[in-house]
Amino acid sequence: MSAQRSLEVAPEFAARVLHDVPMRKHTSWHVGGPADLFFTPRDIMELASFLRQLRPEVAVLWIGLGSNLLVRDGGIRGAVVCTVGTFGAMERKSVNVIRVEAGVPCARVAKQCVKWGMGAAEFLAGIPGTMGGALAMNAGAWGGETWRHVLEVEVLDRRGARRTRTPKDYEVGYRQVSGPENEWFTGATLQFESKPGADSELIRELLERRKDTQPIGEWSCGSVFANPRTDHAARLIEGAGLKGYRIGDASVSTKHANFIINHGQASAADIEALIRHIQMTVAQQHGIELKTEVRIVGEAL
Ligand SMILES: Cc1cc2nc3c(=O)[nH]c(=O)nc-3n(C[C@H](O)[C@H](O)[C@H](O)COP(=O)(O)OP(=O)(O)OC[C@H]3O[C@@H](n4cnc5c(N)ncnc54)[C@H](O)[C@@H]3O)c2cc1C
């Protein structure tokens, strides 16, 4: 069957599915070639029907705010499902428990939880992604980590079936989560304790402090490499003399060596070449293999 034919969608989705959507519009690095199909569902029922009618050979990638994604310049073969602008509900279930859908930005969760007296959610304020992305990455900051708070997650699989799972169904580590294949998070129930001193003023101060040490506001993906067990990736990169090192329009941030900045015209290939160069140099100089925290997806040109 031709690739074109396998990408055909059922008539009820023809007007709702976008074709050849540049992924640079959906990633915080502002790079990435076209996605064959791009779908933002209205609700979970519609998404379930969409997944069911896709041919089984069509690959599916879910994205949130694209703040941890390097999409290569050749783009994505298959379908991208975007949770932003949908799956946006959040409710308080009891004094310390919330249910939140996957498309809700982490910053909103932090703000609302702190207002509700659940200060332990404050760490989410510094994460510029969605709750779906935070669940997929076990996102964390300021000593907090997403999965420490998960009571259960709601998932949808490739055949459009919904179920609820608990943390015991997953292996959760530092910025990584593995669990059943071919299913994605649509929501979660989380518990956040109260925390003395956690209020919106403290969040503001923490975010201000972050601005002093990280290149916030520039085009980046946050930390590119996971910290190795015994050291900090930023320290190793800086120690290898790579701060400011540039390939094309991408460079190692001079403010925080674990950030790579797109100065405006970088391609995904520039960024990936810089990632490989950093890995090689750090391995030569420190004997440590840095692993990427960012997810690299799609085809090269
Ligand atoms: C300036 C800056 C600062 C950052 N600081 C931090 C930080 O302090 N701590 C930290 O942990 N991260 C940080 N990040 C990285 C990033 O914000 C987090 O990894 C975030 O959780 C990604 O969420 P997202 O919605 O953008 O996911 P995306 O980047 O869209 O996707 C990331 C991964 O999650 C998967 N995914 C997304 N949604 C779902 C879903 N619903 N179900 C299943 N899989 C899904 C994607 O397929 C992909 O593999 C930072 C990024 C930036 C740009």
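The values are calculated or read from the model by the stated rules, or taken from the named source; none is laboratory data. Note that the coordinates shown come from a computational prediction; the quantities given were computed from them, not determined experimentally. Cβ sites come from the backbone with ideal geometry, for glycine too, and all protein chains shown count toward neighbours. We work out accessible area using only protein heavy atoms, side chains counted, and drop any ligands, DNA or RNA first. Shrake-Rupley method; radii C 1.70, N 1.55, O 1.52, S 1.80 Å.
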Legend entry - Using a Förster distance of 51 Å, the FRET efficiency for GLN265-ARG204 (Cβ separation, nearest 0.05): 0.90
Inset, instruction - Report ³J(HN,Hα) in whole Hz for each residue of segment 15-23, in order, from the Karplus equation J = 6.51 cos²θ - 1.76 cosθ + 1.60 where θ = phi - 60°; Gly and Pro get x. - result: 7, 9, 9, 8, 10, 6, 7, x, 6
Inset, instruction - For n ≥ 4 DSSP H runs only, could you compute -39500 (n - 2.57) per run for the chain, divide by its residues and tell me the 222 nm figure to the nearest 500? - result: -7000 deg cm²/dmol
Inset, instruction - Give a quick list of GluC sites (Glu not before Pro) in segment 173-263 that DSSP marks as loop, anything other than H, G, I, E or B, with at most 10 other Cβ atoms within 10 Å. - result: GLU181
Legend entry - Table column - 3J(HN,Hα) (Hz), segment 111-123, Karplus curve with 6.51, -1.76, 1.60, x for Gly and Pro: 4, 5, 5, 4, 4, 7, x, 9, x, 5, 7, 4, 4
Legend entry - Residue with peak Gaussian network fluctuation, the chain [Cα springs, cutoff 10 Å], from ALA121, ALA48, ALA89: ALA89
Inset, instruction - Please list the non-local residues whose amide H lies under 5 Å from the amide H of GLY78, H modeled 1.01 Å from N, same-chain partners needing a gap of 5 or more. - result: ASP36, LEU37
Legend entry - Estimated vicinal HN-Hα couplings, Hz - segment 89-104 in sequence order (Karplus 6.51, -1.76, 1.60; Gly, Pro = x): 8, 8, 9, 8, 9, 7, 3, 10, 10, 10, 10, 9, 8, 5, x, 6
Inset, instruction - Give the Cα extents of the chain along the principal axes, in whole Å, largest first. - result: 55, 52, 31
Legend entry - Accessible-area composition of segment 255-301, carbon plus sulfur, in percent [1.4 Å probe]: 49 percent
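What is segment 211-301 by shape, rounded, prolate or oblate, if you read a ≥ b ≥ c off the alpha carbon gyration tensor as root eigenvalues and call it rounded for a/c under 1.5, prolate for a/b larger than b/c, and oblate otherwise?
Working: a/c = 1.57, a/b = 1.21, b/c = 1.30.
Since a/c reaches 1.5 but b/c is at least a/b, the shape of segment 211-301 is classed as oblate.
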Inset, instruction - Quick one: which residues, 5 or more positions from LEU151 or on another chain, have an amide H under 5 Å from its amide H? H modelled 1.01 Å from N in the peptide plane, none for Pro or chain starts. - result: THR189, LEU190, GLN191
Legend entry - GNM flexibility winner over the chain from SER223, SER267, SER178 (Cα, springs under 10 Å): SER178
Legend entry - Solvent-accessible area per residue for segment 45-141 (1.4 angstrom probe, square angstrom): 33 Å²
Inset, instruction - Can you tell me how much longer the chain between GLU171 and ASP249 gets when fully stretched, taken as 0.36 nm per residue apart minus their C-alpha distance, in nm with one decimal? - result: 24.4 nm
Legend entry - Rounded to the nearest 20 debye, dipole of segment 143-301 from Cβ charges on Lys, Arg, Asp, Glu: 140 debye
Inset, instruction - Can you spot the lysines whose alpha carbon is less than 28 Å from LYS111's alpha carbon? Ignore those fewer than 8 places along the same chain. - result: LYS25, LYS93, LYS195, LYS211, LYS255
Legend entry - Unit charges on C-beta of K, R, D, E only; dipole of the chain, Debye: 260 debye
Legend entry - Accessible surface of segment 93-190, 1.4 Å probe, proportion on carbon and sulfur as whole %: 48 percent
Legend entry - Dipole-positive endmost among SER67, VAL21, ALA10 within segment 1-72 (Cβ charges, Cα centre): SER67
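Restrict the search to segment 174-263; then list the trypsin sites (Lys or Arg not before Pro) that DSSP places in a loop and that have at most 10 other Cβ atoms within 10 Å of their Cβ.
Counting only loop positions with at most 10 other Cβ atoms within 10 Å, the trypsin sites (Lys or Arg not before Pro) in segment 174-263 are ARG229.
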Legend entry - Rounded to the nearest 10 Å², the accessible area of LYS115 at probe 1.4 Å: 150 Å²
